[in-house]
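To start, the structure itself, in structure tokens.
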Amino acid sequence: MIRLNENYLNLKDSYLFYNIAQKTKKYLEENPGKKLYRMGIGDVSLPLADAVISALHKAVDDQAVKESFHGYMPECGAPSLRETIALYYHRRDVYLSPEEVFVSSGASDELGDILDLFSRESTALIMEPAYPAYVDANIMAGRKIVHLPSGEENGFLPMPTDDLEADLVYLCSPNNPTGAVFSREQLKVWVDWANARGAVILFDAAYEAFIEENLPHSIFEIDGARTCAIEICSLSKTAGFTGTRLGYTVIPKDLERDGMNVNAMWVRNRTTKTNGVSYIIQKGGAAVFTENGQEQIKRNIGIYKKNAKVLTEVLDELGIPYFGGKNAPYIWMKCPNGMGSWEFFDLLLKEIQVVGTPGEGFGACGEGYFRFSTFGDPEDTKEAARRIYELLK
Ligand code: PLP
């Protein structure tokens, strides 16, 4: 009889969003007709930019005519889009060749698939609180996980110590859920640590477009990163592609381990395991990088940033400590009066009908914290902020 991957038995049920859904459902059953203010979800609420929609429509029409029809796309991405994305990096003085950019169907897909490149004996280092998929993807692969907790004492930006040992290191900056962003100096320490040990950094830049201060958007802004890092990015939050699906992964040609070239390995992987991303979606994605596209997505990001301001102003007024909200679409607040994450969740739901995400769901060190997303409707966000103020003042 076939043996299944028993590592799946080691997965814990992802109870975070399930629990939230159960609790809100129960509340609505007991309080029919009550309106909820949903400040928890990590999905965007604004539609795609006009430039993207026009490009998508045109690409659909291309597929209707023999002369402009496209069949299979190149597995690693349309050459023109790979070049466009490489050029996007030039603005930060990061010089990539188009062959170092791989077009993907999104960051989640890549974060899981790329693990194929590394031995199952390698150890994964995950700083917590963390995006839950990092942990689960490594459990499925049977990989040993080292958890690196973070907290207020280091601004939720943990640094390596000399005795820290791991092979594959996840850095998510700006961070989901804490909104914390590593500085150049901090990333340089991580890069030097990785190069010294032959480790590889998986840098998740899914929220880079939300950075407004002078902070690194890419690990490749750091000297030495070309020999130790892979960057995974996505248009999901940058341009509202959560339901449209497009991302990109950067693997420098200088990244080598065990005499093997990681870029070449990924080409081999993609040409075996995918048949490329849809022509239509790549055309829509390319429009994000045009002048119009950039202007339009910035307008949407600006709306989310206004939401962040509405919420952080209230927290400032209340004197409640929080992280994020400036360079990231998440606000990570400390629960007031020493409350636990779920206790605070229940309080907000019952008293003011505001739904957020309990920090404990992102790892044990998230206990006592609460995540607000700023991707919601502006009017709902204003009302939620008003209610939070009235409740906690
Ligand atoms: N990485 C982080 C840190 C995220 O928060 C998310 C989505 O919430 C993703 C990756 C997944 O992005 P995608 O929609 O491109 O799969």
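Those residues that are open to solvent by less than 10 Å² (accessible area, probe 1.4 Å) and either under 22 Å from ILE301 (Cα atoms) or over 17 Å from the mean Cα position of the chain (by Cα) (or both), I need them from the stretch 182-203; list them, please. Passing the criteria: PHE182, LEU187, TRP190, VAL191, ALA194, ALA199, VAL200, PHE203. The residue list GLU317, GLU343, GLU383 contains one member that is open to solvent by 20 Å² or more (accessible area, probe 1.4 Å), more than 20 Å from ASP43 (Cα to Cα), touching a residue at least 24 places away in the same chain (Cβ under 8 Å) and in the same structural domain as ASN31 (by TED's automatic domain parsing), which is GLU317. Determine, yes or no, whether ALA209 is touching a Phe, Trp or Tyr at 6+ places or on another chain (Cβ under 9 Å) and either touching a residue at least 40 places away in the same chain (Cβ under 8 Å) or of a type in the set (Asp, Glu) (or both). Considered against the rule, which asks whether it is touching a Phe, Trp or Tyr at 6+ places or on another chain (Cβ under 9 Å) and either touching a residue at least 40 places away in the same chain (Cβ under 8 Å) or of a type in the set (Asp, Glu) (or both), ALA209 comes out as no.
For the stretch 143-169, what are the residues that are at positive phi and at pLDDT below 95? Answer for the stretch 143-169, where residues must be at positive phi and at pLDDT below 95: there is none. Checked against (1) away from the ligand (no atom under 16 Å from the Cβ); (2) assigned to a helix (DSSP H, G or I); (3) not aliphatic (A, V, I, L, M), ASP162 meets all criteria but (2). Look at LEU111 and say whether it is open to solvent by less than 40 Å² (accessible area, probe 1.4 Å), within 12 Å of the ligand (Cβ to nearest atom) and of a type outside the set (Gly, Ala, Ser). In short, yes. The condition (being more than 17 Å from GLY276 (Cα to Cα), touching a strand residue (DSSP E or B) at 6+ places or on another chain (Cβ under 8 Å) and in the same structural domain as LEU187 (by TED's automatic domain parsing)) is satisfied by just one residue among TYR95, TYR134, TYR88: TYR134.
Considering LYS298, LYS305, LYS283, the condition of being more than 16 Å from the ligand (Cβ to nearest atom), crowded, with 16+ Cβ neighbours inside 10 Å and not assigned by TED's automatic domain parsing to the domain that holds SER54 is satisfied by LYS305 alone. For the residues ALA308, ALA287, ALA328, the requirement of being within 21 Å of SER218 (Cβ to Cβ) and of a type outside the set (D, E, K, R) singles out ALA328.
Reported count of residues in the stretch 5-20, each being among the polar types (S, T, N, Q) and in contact with a Ser or Thr (Cβ under 8 Å, 6 or more places away or on another chain), is 0. Considering the stretch 1-34, and only residues there that are among the polar types (S, T, N, Q) and out of contact with any strand residue (DSSP E or B) (no Cβ under 9 Å at 6 or more places or on another chain), the residue that is nearest to GLU351 (Cα to Cα) turns out to be ASN31. Among the residues in the stretch 126-145, are any more than 11 Å from the ligand (Cβ to nearest atom), outside any helix (DSSP H, G or I) and of a type in the set (Lys, Arg)? There is at least one residue in the stretch 126-145 that is more than 11 Å from the ligand (Cβ to nearest atom), outside any helix (DSSP H, G or I) and of a type in the set (Lys, Arg).
The values are calculated or read from the model by the stated rules, or taken from the named source; none is laboratory data. Given the structure is predicted, the values throughout are model-derived calculations rather than measurements. Here Cβ is always computed from backbone atoms with ideal geometry, including for glycine, and neighbour counts include all displayed protein chains. Protein only, heavy atoms only, side chains kept; ligands, DNA and RNA dropped before computing areas. Shrake-Rupley method; radii C 1.70, N 1.55, O 1.52, S 1.80 Å.
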